[in-house]
Amino acid sequence: MTSILEVRDLRVAYDTASGPAQAVSHVSLDVAPGEFLAIVGESGCGKSTLLFAIAQLLTYPARLTGGSILFDGVDFTSLDPETLRQSRWRDISLVMQSAMNALNPTLTIGAQLADVCRAHTDWDDRRIEQRCAEVLTMVSIDPVHLHSYPFQLSGGMRQRAMIAMALLLEPKLIIMDEPTSALDVVAQRSLMRQVETLRRQLGFAVLFVTHDMSVVSHFSDRLAVMYAGEVVELGSTREVFDHPRHPYARGLMDAFPSLLGERRPLTGIAGNPPSLVNPPRGCLFAPRCAHATDRCRSARPALVEVDAHAVRCFLVHDEVDGD
Ligand SMILES: Nc1ncnc2c1ncn2[C@@H]1O[C@H](COP(=O)(O)OP(=O)(O)OP(=O)(O)O)[C@@H](O)[C@H]1O
Ligand SMILES: [Mg+2]
């Protein structure tokens, strides 16, 4: 099947006082139509930066330093700002972690949904009102709330309203950056179930960043594990959960029970991620890896297809070659 999104060799750097920090490094991934791809990895590994780059929303001091982002066959990196603006909400929409605060407190929910419609369609007022009521109903909010202000809604309802906004123009891809992390566990579950039902009904694909491994295991088709700006393992969620190959992914999976729903530093893997300004010459995980060899410390492994998933680790590559 052709992909809806093809990210190739993407690189993003932040300009800092001590030099460029490579926050996203040679990332390649595909999303198929209707697919749910989850991205995990510890804090600071570049997940949000990657999502911003894909949506072409990077601002100074971040800059795209290489690679391409093909959406439906069109390279997003080559589009002019107006074409990109048109494409957002219509082709790709974004629900960010701070979505609860992304709503304008001085406008009703209905006015904010209508603004998106007006900016992207030539629908008349009646059609706009109909569509706004329709998307609110989809996320189980009574359309009477078209007349409510954000402060009159609970946190969970505001998050749902953001998802309603993301659905307005039926995009093919919805990007979500920890959309449930500010909610309690019950509200998280209910929101995720709703997203899943809508995805099956409407057929959009989801690119989803989370720290919650139980969300990953319940809802994602495929899983990408990031470390220090790189994708180190990528495959079907079941494969990566049941047979993680990269030492970092293995550590992450081992820590799963203690990670459930909680946001805390990774236990079980000693040490810290490397500097992104002066990264080590070899594998970025080598300084923390119990199995690292001289080769791991001197050369950078590529992401290579191994069995059913892709892994960025010399030791795993050698193991498979030796079979
Ligand atoms: N404005 C900035 N200037 C310099 N470095 C930055 C800036 N913003 C982010 N970074 C660095 O880029 C790296 C990636 O950050 P990013 O926010 O993408 O990580 P993340 O995986 O989304 O983390 P989290 O799980 O905490 O949301 C981090 O190491 C961070 O320190
Ligand atoms: Mg983030």
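What follows draws every value from the coordinates through simple rules; no lab data is involved. Just so it is clear, the model here is predicted, and its values are computed rather than measured. Virtual Cβ from ideal backbone geometry, glycine too; neighbours counted across all protein chains shown.
For this structure, a couple of remarks:
- A dipole drawn for the stretch 105-169 from +1 and -1 charges on Cβ atoms has a positive end, and of Met138, Ala111, Phe151 the residue lying farthest that way is Phe151.
- Estimated 222 nm signal from helices in the chain, with DSSP H stretches of n ≥ 4 weighted -39500 (n - 2.57), rounded to 500: -10000 deg cm²/dmol
- If you wrap the tightest convex hull around every Cα atom of the chain and split its volume per residue, you get 141 Å³.
- The stretch 52-177: radius of gyration and largest Cα-Cα distance (Dmax), Å: 15.4, 47
- Sorted fewest first by neighbouring Cβ atoms within 10 angstrom, Trp123, Trp89 come out as Trp123, Trp89.
- Under-5 Å amide H pairs with Phe36, H placed in peptide plane, nonlocal only: Val206, Asp221, Arg222
- The stretch 25-66 versus the stretch 163-214: alpha-carbon centroid distance in Å: 17 Å
- With K and R counted +1 and D and E -1, the other residues having a Cβ less than 9 Å from that of Arg312 yield a net charge of -1.
- Computed from backbone phi, the HN-Hα couplings of the stretch 198-210 come to 5, 4, 5, 5, 9, x, 6, 8, 10, 10, 10, 9, 8 Hz, rounded to whole numbers (Karplus: 6.51 cos²θ - 1.76 cosθ + 1.60, θ = phi - 60°; Gly and Pro given as x).
- Sequence-separation-based contact order of the chain, relative, with Cα cut under 8 Å and 6+ spacing, percent: 20 percent
- With θ taken as phi - 60° and the Karplus curve 6.51 cos²θ - 1.76 cosθ + 1.60 applied, the whole-hertz 3J(HN,Hα) list for the stretch 226-234 is 9, 9, 6, x, 10, 7, 9, 8, 8 Hz, x standing for glycine and proline.
- Only Lys, Arg (+1) and Asp, Glu (-1) charged, at Cβ; the stretch 130-196 dipole about Cα centre in debye: 60 debye
- For the pair Leu107 and Arg200, label points projected 7 Å from Cα toward Cβ lie 3.4 nm apart.
- Global geometry of the stretch 1-87, whether rounded, prolate or oblate, following the gyration tensor of its Cα atoms and the 1.5 cut on a/c: oblate
- Rounded to the nearest 20 debye, dipole of the chain from Cβ charges on Lys, Arg, Asp, Glu: 620 debye
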